[in-house]
Amino acid sequence: MNDLLPPDSAKWNHVEHVARQVFESFGYREIRTPIVEYTPLFVRSIGEATDVVEKEMYTFTDRDESSITMRPEGTAGAVRALLEHGVLQKQPVTRWYYSGPMFRRERAQKGRYRQFYQMGVEAYGVAEPTIDAEQVAMLHALYLRLGITGLDVIVNSVGGPDDRPAYREALVAYFTPHRAELCPDCQRRLERNPLRILDCKVAGCRALVAGAPSILDHLSPASLAQFAGFRAALEALGVPHQVDARLVRGLDYYTGPIFELKATGGDLGAQNTLGAGGRYDRLVEELGGPPTPAVGFAFGVERVVLTMPQPAEAYEQGAEIFVVAQGDAPRLYALRLGHQLRGDGYRVDLDHRGGTFKSQFKRADKSGAKVVLVIGDAELTSGQIMVKDMATGEQRPVPAAEATATLVKLLR
Ligand code: HAM
């Protein structure tokens, strides 16, 4: 779990600001849900036999003996809120986004943390896979706007509930003769949730997975058509992508096209999945709502920040104006002037500690301000402010009444 300090916070703010703009331009509106939910919500939605539920949730007993869990992801809470507030009755197509900390007790490493931040979107009520493709294009466009260029878009379909039993059988038939070669986790998965084996990171299991039957050979005609529609829309949107028939997700609720966006450059190593999601048409119903198609994704803010090429300092907005003053009356005058200028929309700094003109100028220089205003006893008496343009070094007295006009010229 990390602290976030300046200048990194400026880079984070930029990501969040641009993401909000992009999501809202596609018609998504913000929700904020609690950081804890009752544990069964996550168990039922993410799936009992997933790593997240089996090993990674921060679960504890509340004072009234109920079990609550710090959210490991945002989709389950979004669906809970959707149903709790009867949103679909008023708004059959609902598009939401969210932003906030998630908690998974993973083995921490670069790009993988126990408290991490996600921004995500969910769309409810649209079965057409063009919206899935639009979400991928939206995430892709967001990354480009953040300066991330090396990107792989990987897609697959995990099929719907009608396709899954046949594929499950095919996997069991394939892996059972190799049972002894599987890691202990995968031996359990073989019984409980064989699809999860495809996601195992253990070398021995990966070698076996390479030869496993492909989900794409087990899709029903309806699922195949949905996947084809998804890919055709991606092409129409100009998003280059690759199909990886072995791609699976770590959460059980997916029922159709899934996708991951990976960074090709950078040094995130195995944690290079910047964002991921897919279709989950059964979850709303499983949590007690009406049958409702749904699709969404989330991206990890830390990973995106680590991949953006510009250093954090580049996103910091320093002061535009620095006010330098010496003497009791000038310092009070400077205090008031700075306050007024901030009211006019300028970013203004001054050194409350006072000190010599020289030391204050040093500070002004370091602040990166474009303009320094100088106020001493002489300036107060003459009613003039010394305005120094830091770019040219030019310095001239300006009547106080005209100071604002001069600043507009220099700064705006
Ligand atoms: P997820 O693949 O588990 O999906 O997480 C989405 C993204 O969150 C990952 O691609 C990664 O960037 C980031 N992430 C996940 N775990 C960590 C971690 N421990 N440290 C840092 N970053 C992490 C979901 O969470 C789904 N709820 C996405 C979704 C929304 N599907 C449909 N709607």
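The values are calculated or read from the model by the stated rules, or taken from the named source; none is laboratory data. Bear in mind the structure is a predicted one, so any value in this text is a computation, not a measurement. No Cβ is skipped: glycine too gets one built from the backbone with ideal geometry, and neighbour counts run over all protein chains shown.
Is at least one residue of the stretch 109-118 among the hydroxyl-bearing types (Ser, Thr, Tyr), under 26 Å from His17 (Cβ atoms) and within 9 Å of the ligand (Cβ to nearest atom)? Talk me through it step by step, then tell me what you get.
Quick first cut of the stretch 109-118, residues among the hydroxyl-bearing types (Ser, Thr, Tyr) only: 113, 117.
Checking which are under 26 Å from His17 (Cβ atoms) leaves us with 113, 117.
Going one step further and asking which of them are within 9 Å of the ligand (Cβ to nearest atom), we end up with 113, 117.
Checked against the condition, which is being among the hydroxyl-bearing types (Ser, Thr, Tyr), under 26 Å from His17 (Cβ atoms) and within 9 Å of the ligand (Cβ to nearest atom), the stretch 109-118 yields at least one hit.
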Given the condition part of a strand (DSSP E or B), surrounded by 14 or more Cβ atoms within 10 Å (Cβ to Cβ) and at pLDDT below 95, answer yes or no: does some residue in the stretch 376-384 qualify?
yes
Of (1) of a type outside the set (S, T, N, Q); (2) part of a helix (DSSP H, G or I); (3) under 24 Å from Arg107 (Cβ atoms); (4) modelled with pLDDT of 95 or more, Leu224 fails just (3)
Given the conditions (1) surrounded by fewer than 17 Cβ atoms within 10 Å (Cβ to Cβ); (2) away from the ligand (no atom under 16 Å from the Cβ), every one holds for Val239 apart from (1)
(Q) Condition check: charged (D, E, K, R), surrounded by 13 or more Cβ atoms within 10 Å (Cβ to Cβ), within 17 Å of Ala319 (Cβ to Cβ) and out of contact with any Cys (no Cβ under 8 Å at 6 or more places or on another chain). Does Arg347 satisfy that? (A) yes
Result of the Cβ filter at 7 Å on the stretch 66-77, keeping first residues that are more than 14 Å from Val52 (Cβ to Cβ) and partners that are more than 10 Å from the ligand (Cβ to nearest atom) and part of a helix (DSSP H, G or I), at least 6 apart or interchain, is Ser67/Thr39; Ile68/Thr39
When every residue in the stretch 269-294 that is of a type in the set (A, V, I, L, M, F, W, C) and either over 19 Å from Pro257 (Cβ atoms) or more than 13 Å from the ligand (Cβ to nearest atom) (or both) is compared, the one surrounded by the fewest Cβ atoms within 10 Å (Cβ to Cβ) is Ala270
Residue pairs within 7 Å by beta carbon, gap of at least six or interchain, first lying in the stretch 187-216 and closer than 17 Å to Val158 by Cα and of a type in the set (Lys, Arg), second at pLDDT 90 or above and surrounded by fewer than 16 Cβ atoms within 10 Å (Cβ to Cβ), listed first then second, are none
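Of the residues that sit in the stretch 286-305 and are among the hydrophobic types (A, V, I, L, M, F, W, C) and either assigned to a helix (DSSP H, G or I) or closer than 20 Å to Gly86 by Cβ (or both), which one is nearest to the chain's Cα centre (by Cα)?
Of the residues in the stretch 286-305, the ones among the hydrophobic types (A, V, I, L, M, F, W, C) are 287, 294-295, 297-299, 301, 304-305.
If we keep only those that are either assigned to a helix (DSSP H, G or I) or closer than 20 Å to Gly86 by Cβ (or both) as well, we get 287, 294, 301, 304-305.
On the way: Leu287: 25, Ala294: 19, Val301: 4, Val304: 7, Val305: 9 Å.
Here the residue is Val301.
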Being surrounded by 18 or more Cβ atoms within 10 Å (Cβ to Cβ), at pLDDT 95 or above, more than 16 Å from the ligand (Cβ to nearest atom) and of a type outside the set (Lys, Arg): is that true of Ala298 here?
no
Result of the Cβ filter at 7 Å on the stretch 263-276, keeping first residues that are within 15 Å of Val136 (Cβ to Cβ) and touching a residue at least 40 places away in the same chain (Cβ under 8 Å) and partners that are among the basic types (Lys, Arg) and near the ligand (Cβ under 7 Å from one of its atoms), at least 6 apart or interchain, is Leu274/Arg303
